[in-house]
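Read-outs throughout are calculated quantities, based only on the coordinates presented, and are distinct from any laboratory measurement. It should be emphasised that the depicted structure is a prediction, and the values quoted were computed from it without experimental measurement. Neighbour counts run over all protein chains shown; Cβ positions are idealised from the backbone, glycine included.
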Amino acid sequence: MEKLSDRNNREGIKGWLNPSRYGWERVSYWLQRLTGVGLLAYFVAHIFETSSLTQGPDAWAAMLELTQTPLGHLILLLVIGMSTFHSVNGIRLIFTQGGKGLGNPGRPDYPYDAVSLNYRQKSGIWIALILAGVAMLYGASVLFGGE
Amino acid sequence: MSEQIIEKIETLEKKRDREKKEKEHVKTSVVLKVFRANRSAGENPHFDSIEVPVQRWTTVLDALLHAKQYKDSSIGIRYSCRMASCGSCGMKINGIPRLACYTKVSELEGSTITVEPLANFPHLRDLVTDFTQFFAHHKEMKPYVRNDDSDMKQTDSLTEYVQSPEDLDRFLQFSYCIKCGLCYSACPTVATDTKFPGPQALSQAYRYFSDNRDTATKERMDIVDDKHGIWRCHFAGSCSSVCPKGVDPALGIQLLRGHLLGFSRNEKKIAEKQERLKRD
Ligand code: HEM
Ligand code: SF4
Ligand code: FES
């Protein structure tokens, strides 16, 4: 017997998971969400980490030890990349979603390039990606550079 | 400086895009992988592979009709105009929502073409989906000009609404919508939220909002300013990238949101103020 949900045919979460079909704006949507959730997870973990201070200096030192491992460094590196992308692209999105920087309606003509998918917007996404990469490189040089 | 760089990238990318689009993948036959299932008979879906001969100008719809005529007459398709005007033949072609009559076989890579029913629409049979909910969302937006200052019954006092070409340009592109549902099928919010009106309906709300003959602004704003309304758009831009008519629904949605947030100039209010100043 078929499930009603099959018939309904909504893409569901599956629709979010593949960002490659529709261009850079969809990639941005996907990354903004992924990094947003990632930062939220980090935020919760961060509160948990710093709250260990209330159990005395030893607990705090033990917690700090955790971040001094290669895996700890890797996670911090990811957080650096996520927060850079999320905030740079987030600032772009605040303007975009308020209708700024998208261009004006006009008379559509073949081949119907959508003005909202313009290159000012795309380059904003690229810049966020590049800055995230640069921040991660710098972070890696500090974290793994050794003293 | 940076503007120039962006412009340069834009010209280069557009040229590459156009070349990719215009590049013909010449072939003499294709295999259509057609999604098959009659839902009301409780059938489980499967794909049928059907080989059909094609020419340079064959569209996916032509190929499907050939298959229907000569190979398997039971394939369910919906179509009418064959010229990207009626909006009936939307389907997923190689994973992306497109009009079958507006997609040439020669613009697709490879010799197998997968055709499936549009996602996010309840499935009926084979390539045919149910548009009831989609049309209901469109209707919710009161998609007609409403003018409280006019009284159609008083024929002796009927007046003409003068609209300049600039006034027209503000909404014209949104009125080109053929309600094909491609945007609705591509939207990641529609994929999970059945109450979200979707890109088509929201851009129609903007179409009437930006028409200076219409006075139902507040009413329409109240409809889109809802928990499941315009705020659920996250500008993934997929609607605008699949729209076959250049409607650019994402643009309409962001502009409308700009007005709701008070970011944008309200042309109607400005015009009203100027009228009042003139009168006083
Ligand atoms: C400079 C700082 C930040 C800026 C400018 C910013 C901006 C944004 C913007 C514009 C969005 C997209 C909303 C939309 O698509 O409609 C967003 C989503 C989100 N952000 Fe942030 N954000 C910042 C920091 C953070 C932090 C620190 C966290 C985590 C604690 C966070 C968590 C999220 C989450 C979970 C989402 C939801 C993703 C989605 O709706 O797709 N953000 N942010
Ligand atoms: S906005 Fe474009 S894609 Fe969406 S229904 Fe209208 S014509 Fe089709
Ligand atoms: S058959 Fe009318 S839009 Fe394709």
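Taking the Cα centre of segment A:19-147 as origin and assigning +1 to Lys and Arg Cβ atoms and -1 to Asp and Glu Cβ atoms, the resulting dipole is close to 740 debye.
I need the fraction of alpha carbon pairs in segment A:1-120 separated by more than 22 Å, rounded to a whole percent. Could you put the intermediate results ahead of the total?
Details: 4236 of 7140 pairs.
In whole percent, the long-distance tail amounts to 59.
Could you give me D for segment B:2-129, from Stokes-Einstein at 25 °C and 0.890 mPa s, where the hydrodynamic radius is the Kirkwood radius over C-alpha pairs? Units µm² s⁻¹, please. Using the Kirkwood radius from Cα pairs, D works out to 155 µm²/s.
Applying a 4.7 Å Cβ-Cβ cutoff to chain B leaves B:C89, B:C101, B:C177, B:C180, B:C187, B:C233, B:C243 as cysteine residues with no disulfide-compatible partner. Loop-located trypsin sites (Lys or Arg not before Pro) across segment B:1-91 with a Cβ neighbour count of 12 or fewer within 10 Å are B:K23, B:R56, with loop assigned by DSSP. Relative contact order of segment B:2-129: 29 percent, from C-alpha pairs under 8 Å at least 6 residues apart in sequence. Over all projection directions, the Cα-based convex hull of segment B:222-261 averages an area of 3.0 nm².
Restricting the calculation to alpha carbons of segment B:76-126 gives Rg and Dmax of 11.0, 30 angstrom. Residue-normalised convex hull volume from the C-alpha trace of the protein assembly as shown: 235 Å³ per residue. Taking the alpha carbon gyration tensor of chain B, multiplying each eigenvalue by 5 and rooting it gives semi-axes of 40, 23, 18 Å, largest first. Diffusion coefficient (Stokes-Einstein, Kirkwood radius over C-alpha pairs, 10 °C, 1.306 mPa s) for segment B:124-280: 94 µm²/s, rounded to a whole number.
Which residues does a label at B:S175 reach in segment B:115-158, if reach means a backbone N under 11 Å from a point 7 Å past the Cα toward the Cβ? Under cut-off, by backbone N: B:145.
Given R0 = 56 Å, the distance between the Cβ atoms of A:S20 and B:K139 translates into a calculated FRET efficiency of 0.95.
Simple rule: put +1 on each Lys or Arg Cβ and -1 on each Asp or Glu Cβ in chain A, find the dipole, and look at A:Q32, A:I75, A:S116; the Cα lying farthest toward the positive end is A:S116. The magnitude of the dipole of chain B, with charges of +1 and -1 set on the Cβ of Lys/Arg and Asp/Glu and taken from the Cα centre, is near 460 debye.
Structural descriptor for chain A: relative contact order 26 percent, calculated from alpha carbon pairs under 8 angstrom and at least 6 residues apart. Each of B:V247, B:C89, B:H228 was scored by the projection of its Cα onto the charge dipole of the protein assembly as shown, and the greatest displacement toward the positive side belongs to B:C89; charges sit on the C-beta of Lys, Arg, Asp and Glu. Each Lys and Arg contributes +1 and each Asp and Glu -1, all at the Cβ; summed about the Cα centre of segment B:2-129, the dipole is approximately 200 debye.
Looking at the square roots a ≥ b ≥ c of the eigenvalues of the Cα gyration tensor of segment B:174-251, which shape do they give, rounded for a/c under 1.5, prolate if a/b is larger than b/c, or oblate? Since a/c reaches 1.5 but b/c is at least a/b, the shape of segment B:174-251 is classed as oblate.
Within the shell defined by Cβ-Cβ distances under 12 Å, the residues around A:E65 carry a net charge of -2, with Lys and Arg each +1 and Asp and Glu each -1.
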